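What follows is one structure encoded as structure tokens, with my remarks underneath.
The values are calculated or read from the model by the stated rules, or taken from the named source; none is laboratory data. These numbers come from a predicted model, not from an experiment. Methodologically, a virtual Cβ is constructed for each residue, glycine included, from the backbone with ideal geometry; neighbour enumeration extends over all protein chains shown. Just so you know, the surface numbers come from the protein's heavy atoms only, side chains and all, with ligands and any DNA or RNA stripped out. Shrake-Rupley method; radii C 1.70, N 1.55, O 1.52, S 1.80 Å.
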Amino acid sequence: MARTQHLEGIRHLALIGNFLPRKCGIATYTTDTYNALTKRYPDLQVDVYAMDDHPGRYAYPPEVTRAIPQNDRAAYIEAARAIEASGAQALWIQHEYGIYGGSAGDFLLALTDRLSIPVIVTLHTVLEKPSADERRVMEALLRRASRVIVMAERGCDILKRVHGVEDAKMVMIPHGVPDRPFVDPDMLKPVFGWEGRDVILTFGLLAPNKGIENMIEAMPAIVAARPQALYVVLGATHPNLVAHEGEAYRDRLKALASEKGVADHVRFIDAFVGHDALIDYLQAADIYATPYTNPAQITSGTLSYAVGVGKAVVSTPYVHATEILDSGHGVIVEFCDSAGFAREITKLLSDKIALTALSARAYARGRTMLWPCLAERAVAEIAMIVAAKPRRFAKARAELAPLKPDISAVERMSDSTGMLQHSIYSVPDRRHGYCIDDNARALILMCRIEDIDETVRDKWTSIYASFVQYAWNAEEQRFRNFMSFDRTWCEDVGSEDSNGRALWAMGVTARDARAQKHRDWASTMFDATASIALDLGSPRARAFAMLAAAAMIEAHPGHPLARTILTRFGDELTQLLDRTRRPEWKWFEIVLAYDNARLPEALLRAGQVLGRPDFIEVGLETLDWIVGRQTSPEGRFRAVGTESFGRAYADPLPFDQQPLEAQATIEACVAAHDVTRDPRWAGEAMRAYRWYLGANDLEMPLASPQDGGCFDGLMPTGLNRNQGAESILALQLASCAISALSKRAGNVAGPERAVA
């Protein structure tokens, strides 16, 4: 009954690690794990994502769902998308240093950060003294993991001491071993031509840290006592070593055996043997030796396999060996102690009763480590973390009332120079300085927000306007964008989008500023700079310029340059739509990006002030299309995720969702309502606004009502809890738009799709 309960609710897992035919211990382990899971639970779907150090080299079996090129960060992101779309309920990662790309393997974080499902991690190495990068990556992975598996209790101890991991998060599950009968080695020795020999075996990829030299140096003494002794070194040279020096290391070992006069008693088998063949070799040996030189080695699959088939083991005291061989289940010899290996191995080979008794004790311990036991314990842990994942229940969100605009967080992020770009949580981060994008948005907010002290409004309007004014580079005839905290500009010319936003802020200020002095300044500044709009090529930069021009015409009817901007760019946007349109794709570009709704909004505002019904028609058609793409199956607003950007004619992906998208959609829907008076657009605006309040895919509010703050985004795993200027301004401008709309339209929560 207990076994059935372990699988209850678990139908589909994703498994990531190396996989056979790649030749390494992690590949063998991951393959054995897959086989154990699918054999123990035939109804369980396990998708394998194989880490690939040489794309195109390996002929992966059908069990591999996707190979991930180790050094291609984009491939990790694509794999995350595939895992998320697959319906997998959890991801089980096999982590080892060196198999994931990036600094200390941080490409793996690009994958885990884009998943909403729980993550369980098996750590094959736990470092006592990680480097700065190793610590950074490991601790990010530990924070993301719901459960951490280690294969030795010492691993738990290191994780607690070095990384502060709590006990409840860790579980020790021994390395799995095959289920083989206990047999007398003499029965299998003839298969390998070893009859009559006392066989000592070491298995694994050949590398200097395996301590083979120490065993070869022990062989003269062993042979003197047991002339029939044979030391078998089974395994191919490690691929990384081959790539660096070919077989020079193997040749040095052979030369050492000749030098010690034991060449006839040391046999090298240069092969990466399969699972069944390895077990045959192990069962035919009398003693298994692991003379490893790394005390911190916390996992050894070969040691586990040797114990699993009942081998008498003589080993150095690395972490895994001291735990698995304790209480008389093996023999421990100090590191680099060739005399000790010779003494203990000779003693066992000379006492058949003691050798058999030690082998039997090892076999008994191995029975607790069978692969089905590992599968059951791991699935039990996965079932617990999946069951503990918060469920999202559909519920009405009509009770989520709009927030009153509040500039507290805006002031927190601002100083006498302007508004700082970024924060760490709610604390401004001065390292990134300022940008015209945020100061232009802040200037617009000062023009739109109601119910603040006019002295406060005047102060901040002047500061943000001054930043925009100082950003103008008359020599280059462009606005700069980025300024460091010491007030030095980081560039001579800002991006097209930042130039478009600067013009937009001046147009809105010319129309909406409460003080005549600010309206006059903005009008003059617009006239001096707005001709740069005619050089802009980016559709969004042009849309921002169109919004600026529409505001200028309302402030100064008939403004010639503004009319030119609106007419030219409006016509070009409609032509752009004609070129990219498909039956299922009614959009201006073949890709989706940020601030999407600004494009139809610009056409709607242009059509309104110019009296161009064709612009309005296209604006409504494309707004309807993008609103549809920004609606989840449950009827919630779903911002186009940043991972969607740049994917030709592709449906949007859900994450990372950013506050800017909701604001743009709200203001575009307000424009549609102003043009049509159709209550549907008021409802759509309110749906997008409720995204800030928690009516979103994760049922988590981004708005911080107590201080006017807003978190930076909705990630698969929760909130990005930083509160940068863009996010704060998006919420406050959205609140201003909803407040103004409610005054014009009455109940803004009118007809809309069902929300959850």
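Ignoring aspartates and glutamates fewer than eight residues from Lys517 along the same chain, the ones with Cα atoms less than 18 angstrom from its Cα are Asp453, Glu454, Asp458, Asp527, Glu554. For the chain, what is the percent of antiparallel DSSP beta bridges, rounded to the nearest 5? Looking only at bridges with both residues in the chain, the antiparallel portion is about 30 percent. About its Cα centre, the dipole of the chain is roughly 1100 debye, where the only charges are +1 on Lys and Arg Cβ and -1 on Asp and Glu Cβ. Going by alpha carbons, how many degrees (0 to 90, nearest 10) lie between the helix axis of 659-676 and the longest principal axis of the chain? That helix lies at roughly 30 degrees to the long axis. Placing a label point 7 Å from the Cα of Arg430 along the Cα-to-Cβ direction, the residues of the range 481-499 whose backbone N falls under 17 Å from that point are 483-489. Between the residues Ala152, Pro174, Leu127, the greatest Cα displacement towards the positive end of the dipole of the range 105-195, with unit charges on the Cβ of Lys, Arg, Asp and Glu, is found for Leu127.
About its Cα centre, the range 499-565 has a charge dipole of approximately 160 debye under the convention of +1 per Lys or Arg Cβ and -1 per Asp or Glu Cβ, with nothing else charged.
Please give me, ordered by residue number, the GluC sites (Glu not before Pro) of the range 135-211 that lie in loop per DSSP and have at most 13 other Cβ atoms within 10 Å.
Working: sites: Glu139, Glu153, Glu166, Glu195; in loops: Glu166, Glu195.
Passing both the DSSP loop test and the Cβ count: Glu166, Glu195.
Placing a label point 7 Å from the Cα of Lys517 along the Cα-to-Cβ line, the residues of the range 458-494 whose backbone N sits under 12 Å from it are 458-463. Cross-link reach is defined here as a Cα-Cα straight distance under 18 Å, omitting same-chain residues fewer than 8 places apart; for Lys189 the aspartates and glutamates meeting it are Asp198, Asp264, Asp276, Asp280, Asp286. Once the chain from Ala255 to Ala277 is taken as fully extended at 0.36 nm per residue, the excess over their C-alpha distance is 5.2 nm.
What is the extension gain from Leu44 to Ser408, computed as 0.36 nm multiplied by their sequence separation minus the C-alpha to C-alpha distance, in nm to one decimal?
Numbers: separation 364, 0.36 × 364 = 131.04 nm, distance 5.20 nm.
Stretched fully, the Leu44-Ser408 segment lengthens by 125.8 nm.
What is the helix-to-structure angle for 338-349, meaning the angle in degrees between its Cα long axis and the longest Cα principal axis of the chain, kept from 0 to 90 and rounded to the nearest 10? Once rounded, the angle reads 60 degrees.
Structural descriptor for the chain: relative contact order 9 percent, calculated from alpha carbon pairs under 8 angstrom and at least 6 residues apart. A simple charge model with +1 on the Cβ of Lys and Arg, -1 on the Cβ of Asp and Glu and nothing else charged puts the dipole of the range 199-311 at about 200 debye relative to its Cα centre. Dipole orientation for the range 60-133: of the candidates Leu109, Ile83, Gly98, Ile83 has the Cα lying most toward the positive pole (charges on Cβ; Lys, Arg +1; Asp, Glu -1). Of the two radii for the range 615-704, the radius of gyration is 0.97 times the Kirkwood radius, both from the alpha carbons; that is the Rg over Rh value.
Partners of Lys586 within straight-line reach, counting aspartates and glutamates whose Cα lies under 14 Å from its Cα and excluding those fewer than 8 residues away in the same chain: Asp578, Glu617, Glu621, Asp624, Asp651. Extension gain, Leu561-Asp535: 0.36 nm per intervening residue step, less the Cα-Cα distance, totals 8.0 nm.
Roughly speaking, to the nearest percent, how much of the range 610-743's 1.4 Å accessible area is carbon and sulfur?
Heavy-atom surface of the range 610-743 belonging to carbon and sulfur, 1.4 Å probe: 48 percent.
Once you keep just the Cα pairs under 8 angstrom separated by 6 or more residues, what percentage relative contact order results for the range 67-119?
On the way: 55 pairs, mean separation 24.4, N = 53.
Relative contact order here is 46 percent.
When the alpha-carbon atoms of the chain are used, the pair Rg, Dmax equals 33.7, 108 angstrom. Among the chymotrypsin sites (Phe, Trp or Tyr not before Pro) in the range 610-659, those located in a DSSP loop and surrounded by at most 15 other Cβ atoms within 10 Å of their own Cβ are Phe645, Tyr649.
For the range 455-568, calculate the relative contact order in percent as a whole number, restricting contacts to Cα pairs under 8 Å that are 6 or more residues apart. Walk me through the numbers before you get to the answer.
Values: 146 pairs, mean separation 25.3, N = 114.
Across the range 455-568, relative contact order equals 22 percent.
Between the Cα long axis of helix 454-471 and the first principal axis of the chain there is an angle of about 70°, rounded to the nearest 10.
Extending 7 Å from Cα along the Cβ direction at Asp458 and again at Glu475 yields two label points whose distance is 3.6 nm.
Of the residues Met525, Met700, the one with the largest accessible area comes first in the ranking Met700, Met525, computed with a 1.4 Å probe on protein heavy atoms.
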